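K.L.:
Encoded as structure tokens, here's the structure I'll be asking about.
The values are calculated or read from the model by the stated rules, or taken from the named source; none is laboratory data. Because the structure is predicted, anything quoted here is derived from the model rather than measured. Using ideal geometry, Cβ is built from the backbone for each residue, glycine included, and neighbour counts are taken over all protein chains shown. Each accessible area value is taken on the protein alone, full model and side chains, heavy atoms only, with ligands, DNA and RNA left out. Shrake-Rupley method; radii C 1.70, N 1.55, O 1.52, S 1.80 Å.
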Amino acid sequence: MKKYLLLFFAFSSLFAQKKTIDQRVDSVLALMNLDEKVGQLVQYTGGFDTGTRTASPKQGQIELIRSGKLGSLLNIFGAQQTRKVQKIAVEESRLKIPMLFGLDVIHGFRTTFPVPIAEASSWDPKLVEKSARMQAIEASSAGIHWTFNPMVDIARDPRWGRIVEGSGEDPFLGSVMAASRVKGYQGDDLAAANSIAACAKHFAAYGAAEGGRDYNTVELTERTLREVYLRPFKSALDAGAATFMVSFNEIGGVPSSANPFLLKKILRDEWKFDGFVVSDWNSIGELVPHGIAKDLKEAARLGINTGVDIDMEANAYHRHLADLVNENKVSIRDLDESVRRVLKIKFRLGLFDDPYKYCSADREKKTIRNEEMIKATREAAKRSAVLLKNENHLLPLKKDLKRIAVIGPLANSKVDPLGPWNQQGDSADVVTVVEGIKNKINGKAEIIYSKGCTIDGKSKNGFNDAVAAAEKSEIVILCLGESLTMSGEARSRASLDLPGVQNELAELLQKTGKPIIAVLMNGRPLTINYLAENIPAILETWFLGNESGNAIADILFGDYNPSGKLPVTFPKSVGQVPLYYNHKNTGRPNNPAHQMYTTSYTDFTNAPLYPFGFGLSYTTFEYSNLSLSKNKISKEESIIASIDVKNTGDLEGEEIVQLYIRDLVGSVTRPVKELKDFKKIYLKPGELKHLEFVISPDKLKFYDINMNFTVEPGDFKLFIGTNSVDLKEAAFSVLE
Ligand code: BGC
């Protein structure tokens, strides 16, 4: 048999160029026995040694690989380590099928880029694509074939800790970012040695967890599911995403790992997705506590029969799939389809042609944290921050200051700027705000650092020292926020306030009368009402990664004019949540002058602290001459909306020009506005740009009362402006 196999492989590689991938997949499949087929659908994690910071296969996994019973591993990385494991698969297993190594490269491998919600704040698709590209180049040099990213879950609830991993609340912005990330990871050619397969996750509506509590139940209408939550997934798919990951949650009683509506009807039948679907970590096993499978075997049956191709870590397929096939509970045809999909991605990645192409120690050494990476992450960091307040042009700071106090628990933190889901990020590589300012000032001013308090402790013992530092200085840079462990998976919070005694520290420092600039680091919108009312300047930086301090100093001292805008609404109170800009009008629209009997609270406002799309610049922009090419169109026609934007300040800068539409009357109610397009433009002082947006019918379509995706005739409003609230307005109609 062995001889035939060798002959087969010699033969198949000789003619590989001539055969299509599908043919090559079929010829491998024809040789596989049941155990080997199941093996391709099994994924386990390697073990990470926190001491050596390396990962290796766990006990028993090598033997599984050798016997063809394990097709992919997660959390194994490093050119040498992956080569060692790959060697066993391609030299010692019967069919020599290469392994697939997956990893959560969410915002970097070793070089840590800004967290995804930060990069989404750049509203800069090219930048986001470049960042993903750099992450792919670095991760692939360390043996990684596949990232479990982009995370494209829409999140309207900042209590949910995973809001940090996505692109915020808006389906359009989320779709643009999803496509950019897929393109960046996969590059122009998935077979290139520096491309990695992307994975759109978590399919679907994971961000709609009730109460913002991770893993919680989701109740959602099909219309909202399709119009809001699924759109970034479709965009990722259209951009070529090779794989999808299901979510942990149920929707209306059906957990995603066994949800035929999602996985069969939408993903396969409607969208024609031909990549593979991976479960989330043990999500097949969780069908048991969800209460739709009585045991792991039944869970395995549900998972595979619904189209979850790979079982990550539940051990369900490994233990039960072969039996299920033998008992005719899973058809061999369905099993083969799943195996085919997995093999196909391995072929598309070029692993059958060169299984070691990701395993060059030399390339790894040259790539990890090379200069290009560091430059790219600083660029991404600068462009991801959002200026929320800047009274009396406090910023940018002059470089001739003599004494600067840098205060707060995040001012000199080496760890937190890495953010959650940093992969192999090393705190030694982090430039803190204190360090960044020192680099910028270069000895020309005295920097007085005081921690003041910890992020979430109760002690105020450091307050006096912080006040003394402020009093000695001309200006205070106050770094507040969350630790990196407060957002991310399983990190939901019931409060959105600054943790610990940080707000009290701000209040005390404010009393010194020194001008204060608050620099925020956090993984979710926070209810920073005190800062918004009392502190003259606020810069939202999320978690900016390795070059955090340098990028922040670039902004504070005016070497970069901030251009980010919020991809998510900042509420004033956790009680307002979920609070999002594209809400419905209701039958009793909110009227601040007349709260009673309109949709409102008796004890609080509906208004956000900062609206979606908000962000300031050191310069100012003026919008004028909004006009439409036509005011009446047919259902098939497009309109061109144009506007002039002028830089009316003294500094060059970038503006994100946002276009929203409202459909006034429909067969179903429509949101009060929806982002439909945006452009990021650069303007010199005094410069004016004339911008045009094409409003094609697809921008007006929605799911009507019969769930047809269509344009309905009627009146529309169109808005263009600097955020979701400050907008110029025009009107048009679609004729019958
Ligand atoms: C997360 C996924 C992640 C997976 C593998 C799960 O707990 O929900 O987002 O990709 O683990 O690490």
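K.L.:
What single numbered condition from (1) outside any helix (DSSP H, G or I); (2) over 18 Å from the mean Cα position of the chain (by Cα); (3) crowded, with 20+ Cβ neighbours inside 10 Å fails to hold for LYS514?
P.N.:
Failed condition: (3).
K.L.:
Right, something else. Consider SER175 carefully, then state whether it is under 30 Å from GLY253 (Cβ atoms), surrounded by fewer than 24 Cβ atoms within 10 Å (Cβ to Cβ) and of a type in the set (S, T, N, Q).
P.N.:
Against the criterion (under 30 Å from GLY253 (Cβ atoms), surrounded by fewer than 24 Cβ atoms within 10 Å (Cβ to Cβ) and of a type in the set (S, T, N, Q)), SER175 qualifies.
K.L.:
Would you please list the contacts, defined by Cβ atoms under 9 Å and residues six or more apart or on different chains, that run from a residue in region 177-191 that is of a type in the set (Ser, Thr, Tyr) to a residue that is open to solvent by 10 Å² or more (accessible area, probe 1.4 Å)?
P.N.:
Taking only residues 6 or more apart or on different chains, the pairs are SER180/ASP124; SER180/PRO125; SER180/LYS126; SER180/LEU127; SER180/GLU129; SER180/LYS130; SER180/ALA239; TYR185/ARG133.
K.L.:
So, in region 190-206, exactly how many residues are closer than 20 Å to TYR356 by Cα and either crowded, with 24+ Cβ neighbours inside 10 Å or of a type outside the set (A, V, I, L, M, F, W, C) (or both)?
P.N.:
Of the residues in that region, 5 qualify.
K.L.:
Let me ask you something else. Filter region 276-300 down to residues that are more than 25 Å from LEU349 (Cα to Cα) and either within 16 Å of the ligand (Cβ to nearest atom) or not assigned by TED's automatic domain parsing to the domain that holds VAL38 (or both), then give me how many there are.
P.N.:
8
K.L.:
Given the criterion acidic (Asp, Glu) and either out of contact with any Lys or Arg (no Cβ under 8 Å at 6 or more places or on another chain) or open to solvent by less than 10 Å² (accessible area, probe 1.4 Å) (or both), identify the matching residue among GLU435, GLU474.
P.N.:
Exactly one of GLU435, GLU474 is acidic (Asp, Glu) and either out of contact with any Lys or Arg (no Cβ under 8 Å at 6 or more places or on another chain) or open to solvent by less than 10 Å² (accessible area, probe 1.4 Å) (or both), namely GLU435.
K.L.:
Would you mind stating whether LEU683 is within 26 Å of THR569 (Cβ to Cβ) and out of contact with any Pro (no Cβ under 8 Å at 6 or more places or on another chain)?
P.N.:
no
K.L.:
May I pose another question? What pairs come up if the first residue lies in region 579-603 and is free of Cβ contacts under 8 Å to residues at least 24 places away in the same chain, the second is loosely packed, with under 12 Cβ neighbours inside 10 Å and hydroxyl-bearing (Ser, Thr, Tyr), and their beta carbons are under 8 Å apart, counting only those six or more places apart or on different chains?
P.N.:
Within 8 Å, the pairs are ARG588/TYR597; GLN595/THR602; MET596/THR602; THR599/THR586.
K.L.:
Mind checking which residues of region 301-332 are away from the ligand (no atom under 16 Å from the Cβ) and either of a type in the set (Val, Ile, Thr) or farther than 15 Å from ASP35 by Cα (or both)?
P.N.:
ARG301, LEU302, ILE304, ASN305, THR306, GLY307, VAL325, ASN328, LYS329, VAL330, ILE332
K.L.:
For region 438-464, give me each residue that is surrounded by 15 or more Cβ atoms within 10 Å (Cβ to Cβ) and either farther than 19 Å from LEU401 by Cα or not assigned by TED's automatic domain parsing to the domain that holds ILE407 (or both).
P.N.:
LYS451, GLY452, CYS453, THR454, ILE455, ASP456, LYS460, GLY462, PHE463
K.L.:
What tally of residues in region 191-219 results from selecting those that are closer than 27 Å to VAL342 by Cβ and part of a loop (DSSP other than H, G, I, E, B)?
P.N.:
Adding up the residues that qualify gives 10.
K.L.:
State yes or no: is THR598 assigned to a loop (DSSP other than H, G, I, E, B), surrounded by fewer than 17 Cβ atoms within 10 Å (Cβ to Cβ) and at pLDDT 95 or above? Write out each step before concluding.
P.N.:
Working: assigned to a loop (DSSP other than H, G, I, E, B): yes; surrounded by fewer than 17 Cβ atoms within 10 Å (Cβ to Cβ): yes; at pLDDT 95 or above: yes.
Yes; evaluated as a whole, the condition is true for this residue.
K.L.:
Inspect region 358-381 for any residue being in contact with a Leu (Cβ under 6 Å, 6 or more places away or on another chain), open to solvent by less than 40 Å² (accessible area, probe 1.4 Å), closer than 15 Å to CYS479 by Cα and not assigned by TED's automatic domain parsing to the domain that holds ILE144 and give the result as yes or no.
P.N.:
No; the residues of region 358-381 include none that is in contact with a Leu (Cβ under 6 Å, 6 or more places away or on another chain), open to solvent by less than 40 Å² (accessible area, probe 1.4 Å), closer than 15 Å to CYS479 by Cα and not assigned by TED's automatic domain parsing to the domain that holds ILE144.
K.L.:
Can you tell me which residue within region 72-97, out of those that are within 16 Å of the ligand (Cβ to nearest atom) and open to solvent by less than 10 Å² (accessible area, probe 1.4 Å), is nearest to LYS366 (Cα to Cα)?
P.N.:
By that ranking, first place goes to ILE76.
K.L.:
Residues of region 399-422 being open to solvent by 10 Å² or more (accessible area, probe 1.4 Å), at pLDDT 95 or above and closer than 16 Å to PHE557 by Cβ, which ones?
P.N.:
Within region 399-422, LEU401, LYS402, ARG403 qualify.
K.L.:
Next up: Pairs only if they're at least six apart or on different chains, beta carbon under 8 angstrom, first in region 199-225 and without any contact (Cβ under 8 Å) to a residue 24 or more places away in the chain, second open to solvent by less than 20 Å² (accessible area, probe 1.4 Å); list them, first residue then second.
P.N.:
Correct list of pairs: GLU210/VAL218.
K.L.:
Inspect all residues belonging to region 578-592 and state whether any of them is more than 17 Å from PRO671 (Cα to Cα) and in a helix (DSSP H, G or I).
P.N.:
Within region 578-592 (the criterion being more than 17 Å from PRO671 (Cα to Cα) and in a helix (DSSP H, G or I)), the answer is no, since none of the residues qualifies.
K.L.:
Residues being in a loop (DSSP other than H, G, I, E, B) and under 12 Å from LEU505 (Cβ atoms): count how many of those fall in region 459-488.
P.N.:
At the first step, the residues of region 459-488 found to be in a loop (DSSP other than H, G, I, E, B) are 459-462, 473-474, 482-483, 487-488.
Cutting the leftovers down to under 12 Å from LEU505 (Cβ atoms) gives us 459-462.
Of the residues in region 459-488, 4 are in a loop (DSSP other than H, G, I, E, B) and under 12 Å from LEU505 (Cβ atoms).
K.L.:
Of the conditions (1) within 16 Å of the ligand (Cβ to nearest atom); (2) in contact with a helix residue (DSSP H, G or I) (Cβ under 6 Å, 6 or more places away or on another chain); (3) not in a helix (DSSP H, G or I); (4) not acidic (Asp, Glu), PHE273 fails just one. Which one is it?
P.N.:
Against the list (1) within 16 Å of the ligand (Cβ to nearest atom); (2) in contact with a helix residue (DSSP H, G or I) (Cβ under 6 Å, 6 or more places away or on another chain); (3) not in a helix (DSSP H, G or I); (4) not acidic (Asp, Glu), PHE273 comes up short only on (1).
K.L.:
Which of the residues spanning region 517-529 are outside any strand (DSSP E or B), surrounded by 24 or more Cβ atoms within 10 Å (Cβ to Cβ) and not charged (D, E, K, R)?
P.N.:
ASN522, GLY523, PRO525, LEU526, ILE528
Results for (1) aromatic (Phe, Trp, Tyr); (2) in contact with a Phe, Trp or Tyr (Cβ under 7 Å, 6 or more places away or on another chain); (3) away from the ligand (no atom under 16 Å from the Cβ); (4) free of Cβ contacts under 8 Å to residues at least 40 places away in the same chain, shown as yes or no for each residue.
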{"position": "PRO232", "(1), (2), (3), (4)": "no, no, no, no"}
{"position": "SER235", "(1), (2), (3), (4)": "no, no, yes, no"}
{"position": "ASP238", "(1), (2), (3), (4)": "no, no, yes, no"}
{"position": "LEU262", "(1), (2), (3), (4)": "no, yes, yes, no"}
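K.L.:
Sticking with this one: What residue, among those in region 207-217 that are open to solvent by less than 10 Å² (accessible area, probe 1.4 Å) and within 15 Å of the ligand (Cβ to nearest atom), is nearest to TRP542 (Cα to Cα)?
P.N.:
GLY207
K.L.:
Within region 424-458, which residues are over 30 Å from SER141 (Cβ atoms), part of a helix (DSSP H, G or I) and not aliphatic (A, V, I, L, M)?
P.N.:
LYS438, LYS440
K.L.:
What strands (runs of 3 or more DSSP E) completely inside region 616-722 contain at least 2 residues that are more than 16 Å from PHE732 (Cα to Cα)? I'd like the intermediate steps shown before the answer.
P.N.:
On the way: elements: 621-628, 639-647, 653-663, 674-683, 688-695, 714-721.
Qualifying strands (runs of 3 or more DSSP E): 621-628, 639-647, 653-663, 674-683, 688-695.
K.L.:
Here's a check for you: in region 117-163, which residue that is open to solvent by 10 Å² or more (accessible area, probe 1.4 Å) and in a helix (DSSP H, G or I) is farthest from the ligand (Cβ to nearest atom)?
P.N.:
LYS126
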